[in-house]
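One structure below.
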Amino acid sequence: MTQVMDRAPGTPMLEASILMGEIMEKNVGSVDRAIRIVAGLAILSLFFVLDGPNHWFALVGLVPLATGLIGWCPAYAPFGIRTCKAHSS
């Protein structure tokens with residue numbers, strides 16, 4: 001499936017997408033990702049275990065799960081932390 005672009009090159013939308021590609025470069029390594037996914041699923045499972053309104057706190061598990069699946073952690077970015085292998089350029 002091809003995507004039709006109805007914007008000319010150099011438009012703000014295109015520039016923003018290029019910038020996001022540079023900003024959201026993977027910074028989470030494979031071991032870190034596995035730990036985040038397991039921890040996220042474990043925390044999310046508390047949604048079904050906890051009673052009353054407290055079970056909504058288990059949705060916090062979406063954060064480590066999402067960062068593990070995506071491979072990018074926004075908390076690592078400002079500090080330049082990378083747990084994945086360095087690029088060989």
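The values are calculated or read from the model by the stated rules, or taken from the named source; none is laboratory data. These figures come from a predicted structure and were not determined experimentally. All Cβ positions, glycine included, derive from the backbone under ideal geometry; neighbour counts span all protein chains shown.
For this structure, a couple of remarks:
- Considering the stretch 73-87, and only residues there that are assigned to a loop (DSSP other than H, G, I, E, B), among the hydrophobic types (A, V, I, L, M, F, W, C) and in contact (Cβ under 8 Å) with a residue 40 or more places away in the chain, the residue that is nearest to I37 (Cα to Cα) turns out to be C73.
- Condition met for P64 (part of a helix (DSSP H, G or I) and either modelled with pLDDT under 95 or hydroxyl-bearing (S, T, Y) (or both)): no
- The stretch 36-82, residues that are under 13 Å from E25 (Cβ atoms) and over 13 Å from the mean Cα position of the chain (by Cα): G80, I81, R82
- The residue of the stretch 13-53 that is modelled with the highest pLDDT, among those that are exposed (fewer than 12 other Cβ atoms within 10 Å of the Cβ) and of a type in the set (D, E), is D51.
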